[in-house]
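Read the structure below first, then the notes.
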Amino acid sequence: QIYEQFNLSHTSADTVRIAQEQFSALCHVVNVLKPRDPSELLNLPFQVKVKIDPPKNPWNADLWSGASSSGSGVATAAGLCFGSLGTDTGGSIRQPASFCGIVGIKPTYGRVSRWGIVAFASSLDQAGPMARSVTDAAILFSAMVATDPTDPATKDADAHKADFAAAHAAMMPM
């Protein structure tokens, strides 16, 4: 109810829409929010004192579960979903993936649409997948790579689209 007073977006980021279109038969995309306080989520210029506990590391509740995409990392590591999406400016996909024992990919600039993501550092902000295996992360990542007319940085993304899961499988020893 604390969020009711704020004008939050009524649309999803393009990466969420693409994941829902590509994997609607396999999974249900869930928004997992983990702010320590709402100002982390909303980038507010004032402090709102609300206690929201961060998600617990599924392997050891005494250990940190990572940065702002840790809810996605915890849900994936705990087996609550096939994979999840996070956003990363300075480690918010990579830290939860590392701390929770899963795979996280921060895409190269221009590979994945940033439309709908609140930018803290526009050229550093990226959305990327988290999954329990390299192959699963590659499948999610392959689905996310696309040219998006609302994000000019992705103008060449389709030209670089690849089947990352097949490339990973080809590298594996027999």
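The values are calculated or read from the model by the stated rules, or taken from the named source; none is laboratory data. All figures in this text were calculated on a predicted structure; none of them were measured in a lab. Neighbour counts run over all protein chains shown; Cβ positions are idealised from the backbone, glycine included. Ligands, DNA and RNA are excluded from the accessible area calculation, which covers all protein heavy atoms including side chains. Shrake-Rupley method; radii C 1.70, N 1.55, O 1.52, S 1.80 Å.
For TRP59 and ALA159, calculate 0.36 nm times their separation in residues minus their Cα-Cα distance, and state this gained length in nm to one decimal.
Full-extension gain reported as 32.0 nm.
Accessible area of VAL118, 1.4 Å probe, to the nearest 10 Å²?
Only protein atoms counted, so the area is about 100 Å².
Quick one: if you stick a label point 7 Å off each Cα along the C-beta vector at SER122 and THR150, how many nm between them?
1.7
Starting at 0 and stepping by 5 Å, how many percent of the alpha carbon pairs of region 74-162 end up in each bin?
Distribution as computed: 3, 17, 25, 23, 18, 10, 3, 0 percent.
In whole Hz, with x marking every Gly and Pro, tabulate ³J(HN,Hα) for region 108-115 from phi via Karplus 6.51 cos²θ - 1.76 cosθ + 1.60, θ = phi - 60°.
Computed from phi, the couplings for region 108-115 are 5, 3, x, 7, 10, 4, 9, 4 Hz.
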